[in-house]
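Below is one structure, written out as structure tokens; comments come after it.
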Amino acid sequence: MNKRGHVLNALLLALGLGFVLEPGLGAATARTTAEITVPIVLGALFPDVDTAFGRHRKTLHSLPVLGVFVAYPVLFGNLQYVWIGVLTHYVLDVVGSRRGIALFHPLSDAEYGLPSGVTTSSKYADLVTVVVTAVELVAFYALHTYVVTLDLDLSAASEAAAGIGI
């Protein structure tokens with residue numbers, strides 16, 4: 001997907017997650033949505049920084065990079081929702097586009113993708129983005145409802161990590 005697709009995905013995802021995290025139509029839902037929108041959009045755009053350096057869909061499109069963004073809020077107590085943007089960027093590139101990404105870079109340059117995608121210039125790219133976003137929202141809803149809450153206060157985890165010297 002192109003930058004437009006990733007921004008569309010992130011904005012729709014932030015709007016949907018606002019309702020998942022704070023169900024309703026009140027001020028609390030609006031505040032939650034506003035709070036998570038910027039980090040999710042920034043995370044969704046970050047992997048494409050590798051167009052300016054490195055190799056696109058390899059350097060910053062890998063599981064080790066995602067691991068850094070998942071660990072960051074636990075270690076430092078901020079950027080809690082940036083990893084969602086990074087993860088959904090990867091999902092959109094794997095599922096929504098034809099090319100795929102190098103998930104195991106730098107160990108391997110092999111690109112992984114599904115045959116379900118379209119080219120970034122396709123007239124169906126926005127439709128595919130919306131469909132993938134809807135599936136992501138269902139997955140995040142299920143994760144939040146049945147596995148682990150996505151609105152965790154990670155300050156205690158950050159303090160624990162600091163206490164053991166991490």
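Each reported figure results from applying straightforward, stated rules to the coordinates on display, with no laboratory input. Model, not experiment: these values are computed from the prediction. So basically every Cβ, Gly included, is an ideal-geometry build from the backbone, and we count neighbours across all protein chains shown.
Below, the figures for the structure above:
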read-out	value
Exposure rule at most 12 other beta-carbon atoms within 10 Å, DSSP loop chymotrypsin sites (Phe, Trp or Tyr not before Pro): the chain longest free segment	54-123
Among ALA27, HIS105, TYR141 the positive-end extreme of the charge dipole of the chain (Cβ point charges)	HIS105
DSSP H segments from the chain that extend 18 Å or more along their own axis, Cα-based, with Kyte-Doolittle mean of -0.5 or above	3-21, 27-45, 63-76, 125-142
Within the chain: Cβ-based charge dipole about Cα centre, in debye rounded to nearest 20 (Lys, Arg +1; Asp, Glu -1)	560 debye
Read-out Rg/Rh (Cα atoms, Kirkwood Rh), derived from the coordinates shown; its label in (1) 0.99; (2) 0.96; (3) 0.93	(1)
Centre separation in Å (Cα based) which lies between region 1-69 and region 101-137	15 Å
Most fluctuating residue given options VAL20, VAL68, VAL38, as computed from a GNM of the chain linking Cα atoms under 10 Å	VAL68
Residue-count net charge about ARG31 - beta-carbon cut-off 13 Å; Lys, Arg +1, Asp, Glu -1	-3
